[in-house]
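Here is the structure we will look at.
Coordinate-derived values only; no laboratory data. It should be emphasised that the depicted structure is a prediction, and the values quoted were computed from it without experimental measurement. Here the Cβ is made from the backbone with ideal geometry for all residues, glycine too, and neighbour counts use every protein chain on show.
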Amino acid sequence: MNPQTSATLVRGSILHFLADPGENDDADAWQFFEDGALLLEHGRVIRVGAWKEIITALPTLTKQTARTFDYSGKLVMPGLIDTHVHYPQMQVMGSFGRQLLDWLEHYTFPAEATFADRGIAKKTSAFFLDRLLAHGTTTASVFATVHPHSVEAFFEAAQSRNLRMLCGKVMMDRHCPENLRDTPASALHDSRKLIERWHGKGRLRYSVTPRFAPTSTPEQLQVAGELFNGYPDMHLQSHLSENRREIEWVGELFPGHRNYVDVYDHFKLLGRGAIYGHGIHLDASERTRLAETGTAIAFCPSSNLFLGSGFFHYDAAHAAGVPVGLATDVGGGTSLSMLRTMASAYTVGQAQHKPLSAMRAWYLATLGGAQALALDNFIGNFKPGKEADFAVFDFNATPELDWRMRHASSIEEKLFALITLGDERCVSATHILGERVTPA
Ligand code: GUN
Ligand code: ZN
């Protein structure tokens with residue numbers, strides 16, 4: 001094939017991040033091209049820049065033969081990244097009035113038990129992934145259930161959509177219903193089989209998934225450590241310091257440890273590629289240890305508010321050097337929308353008199369998420385060679401947004417209004433490896 005004929009051009013207002021813009025919204029951290037172009041080939045980024053410059057530099061034949069998507073006036077961003085979400089909990093999103101431990105017992109465990117039926121896992125995977133794409137989310141770190149086939153179903157659905165996804169079988173061998181319990185030996189065996197089948201297959205990666213310290217025996221956490229450290233580029237996902245009662249319980253179950261982070265540290269569950277949901281009630285020494293080991297936190301603002309868990313201290317985590325991504329944490333979270341998640345993150349910051357800037361929020365939802373998941377070699381921005389997953393946002397998608405945008409001048413102002421007033425209605429299109437997947 002003549003490579004010049006396989007080029008794709010995307011025109012629109014293009015924004016991507018090269019680094020964390022920090023507290024002062026450092027303008028060197030991003031590139032914005034109001035009339036911009038993305039040049040793609042074989043699903044990867046070749047160049048990003050001003051439309052005029054890129055067009056002028058293109059060979060005539062490429063110009064004539066390139067496929068073009070014209071999104072002029074709309075915002076083209078790298079695909080959004082949800083760093084912590086439970087696909088089997090779609091059916092309990094928005095369940096009333098409980099805090100974490102009661103919520104798990106009354107809503108979550110019964111929902112997850114229904115995944116003993118492989119057909120439910122299959123149907124839910126397809127629905128979940130199609131809805132993620134409709135929300136402009138192209139990568140996620142996803143909890144399945146304890147059933148190995150819940151991971152099989154998820155990876156099959158992700159593979160058929162060509163998605164870069166992380167997923168893992170939940171490991172839990174105590175303090176949960178009998179029908180959701182595995183053992184250290186079965187978790188080792190089942191996780192190994194899944195890793196060998198799926199880890200590194202196409203765009204898929206496995207994430208070792210001990211639910212959280214209270215639902216695993218020390219023997220099982222030992223197994224999780226062996227799995228996490230036993231394979232190259234392995235990922236790990238779990239929960240940490242979300243709820244006061246949970247933290248007290250961890251203290252009772254694991255006496256002799258300095259704190260919650262120390263429990264995971266003891267079992268060698270920290271390191272680059274490991275990400276923990278929540279991390280709300282950490283002390284300074286715990287943050288330091290996470291930072292030293294390159295362990296990330298998934299900031300789940302809508303879930304933290306909905307379950308009454310507390311406010312995540314983003315500034316403290318950042319100051320300590322802990323990598324942070326943003327996450328919906330559905331079904332504790334109330335929406336798959338990363339726009340609404342950014343709005344909640346802003347609100348949580350405001351309540352602490354430290355509002356999150358629009359630029360920082362968009363950084364966290366793209367490159368920051370990729371860094372937190374150790375996937376930034378592949379995704380997160382439009383640097384040449386990166387995989388061309390992107391979403392297109394309509395600044396004028398609703399009458400309210402349209403009205404508001406007439407009074408917004410800077411890109412920062414527009415991006416902030418988009419976060420605050422927007423949701424999936426603002427997602428005009430989502431592309432995976434350059435191909436438009438939604439609308440179909
Ligand atoms: N801690 C342990 N399991 C869960 C879960 O499924 N959701 C949340 N939000 N926290 C947890
Ligand atoms: Zn969670």
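Collect residues whose amide H, placed 1.01 Å from N in the peptide plane, falls under 5 Å from the amide H of Ser207; neighbours closer than 5 in sequence don't count.
Here the answer is Cys167, Gly168, since their amide H atoms fall under 5 Å of that of Ser207.
Please state, rounded to one decimal and in Å, the Kirkwood hydrodynamic radius that region 144-244 gives when every pair of distinct Cα atoms enters the mean of 1/r.
Roughly 13.6 Å, rounded to one decimal.
Compute the distance in nm between two label points, each set 7 Å from the Cα along the Cα-to-Cβ direction, one at Gln159 and one at Lys123.
2.3
Taking the Cα centre of the chain as origin, work out the dipole magnitude from +1 charges on Lys and Arg Cβ and -1 charges on Asp and Glu Cβ, in debye rounded to 20.
Value, rounded to 20: 1040 debye.
In whole Å, how far is the Cα centre of region 425-440 from that of region 251-324?
Region 425-440 and region 251-324 have Cα centres spaced 34 Å from each other.
Give me the distance in nm between label points sitting 7 Å out from Cα along the Cα-to-Cβ direction at Trp249 and Lys193, one decimal.
Computed distance between label sites Trp249 and Lys193 equals 2.9 nm.
Order of Ser13, Ser410 from fewest to most other C-beta atoms within 10 Å?
Ser410, Ser13
Using modelled backbone amide H atoms (1.01 Å from N, in-plane), which distant-in-sequence or interchain residues come within less than 5 Å of Ala429's amide H?
Those lying under 5 Å, H to H, from Ala429 are Val392.
Using the crude model of +1 on Lys and Arg Cβ and -1 on Asp and Glu Cβ, and no other charge, please compute the dipole size for region 175-234 relative to its Cα centre, in debye to 20.
So the magnitude is around 320 debye.
Using +1 at the C-beta of Lys and Arg and -1 at the C-beta of Asp and Glu, which of Leu373, Asn259, Leu166 has the Cα lying farthest in the positive direction of the dipole of the chain?
Sorting the options by dipole projection puts first Leu166.
Let a ≥ b ≥ c be the square roots of the eigenvalues of the Cα gyration tensor of region 350-440; is it rounded (a/c under 1.5), or, if not, prolate (a/b larger than b/c) or oblate?
In terms of gyration-tensor shape, oblate.
Quick check for the chain: number of Lys pairs with alpha-carbon distance under 27 Å, counting only pairs 8 or more apart or on different chains?
28
Quick one: compute the contact order of region 382-440, relative version, from alpha carbon pairs under 8 angstrom and 6+ residues apart, as a percent.
43
What percent do you get for the relative contact order of the chain when only Cα pairs under 8 Å and 6+ apart count?
So the answer I get is 19 percent.
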